[in-house]
Amino acid sequence: MLSKDISDEWYPRKCHMVITLREFEGIKVCTVNVDYSYTGIWRLEPYYRHLKRMASNGIAREIFLVQIRELNHTHLVLPYKDVEVTGSNYVLSFTHLPMRSWNVELATSKEAAMARAQEIAAQQAHAWAMVY
């Protein structure tokens, strides 16, 4: 309701979702909290199309991540895929070249995720990685 980029379709009583924006470790995160009685609604149109557009535009304009929280599940919405990260250790990496993109890799432990993040940082001069 504070942004002209978000249409009236996103009014919480209509869509049964609440959007919040915050910054976490230098990344702007758009979190969509889904009403417990309406799980899966974020995958329906027009919402899913809007979420994908937000993910694509976020990469094109700035570092911006779209996250969905429903019941006890967390999903990351990326321009070309969605990844469930519920209860996982994962490495979130962002690269600028050849084009701006996110990548998510699930790991077996926080230590494995940290090792992979260091690997990514060492191999790709135009990328950075964070562990969650």
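Read-outs throughout are calculated quantities, based only on the coordinates presented, and are distinct from any laboratory measurement. None of these values were measured; they are calculated from a predicted model. As a convention, Cβ positions derive from the backbone with ideal geometry for all residues, glycine included, and neighbour counts pool all protein chains shown.
Structure above, values below:
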item: C-alpha long axis of helix 110-123 to longest principal axis of the chain, angle in °; result: 70
item: Inter-site label distance for LYS28 and LYS14 at 7 Å from Cα along Cβ, in nm; result: 2.3
item: Gain in span if fully extended, THR86 to MET130, counting 0.36 nm per residue against the direct Cα distance; result: 14.2 nm
item: For the chain, the Rg and Dmax computed from alpha carbons only, in angstrom; result: 15.4, 47
item: Anisotropy class of the stretch 40-109 from Cα gyration tensor, a/c 1.5 cut; result: oblate
item: Packing rank of 69-79, 7-17, where each peptide gets the mean count of other beta carbons within 10 Å, highest leading; result: 69-79, 7-17
item: Rel. contact order, % - alpha carbon contacts under 8 angstrom, at least six apart, the stretch 1-87; result: 22
item: Neighbour net charge for ALA117 - beta-carbon separation under 15 angstrom, K R +1, D E -1; result: -2
item: Over the chain: helical MRE at 222 nm, DSSP H runs n ≥ 4 each giving -39500 (n - 2.57), nearest 500; result: -7500 deg cm²/dmol
item: Using alpha-carbon coordinates, inclination of helix 47-61 to the longest axis of the chain, degrees; result: 40
item: Length released on extending from LEU44 to GLN123, taking residue separation times 0.36 nm less the Cα-Cα span; result: 24.6 nm
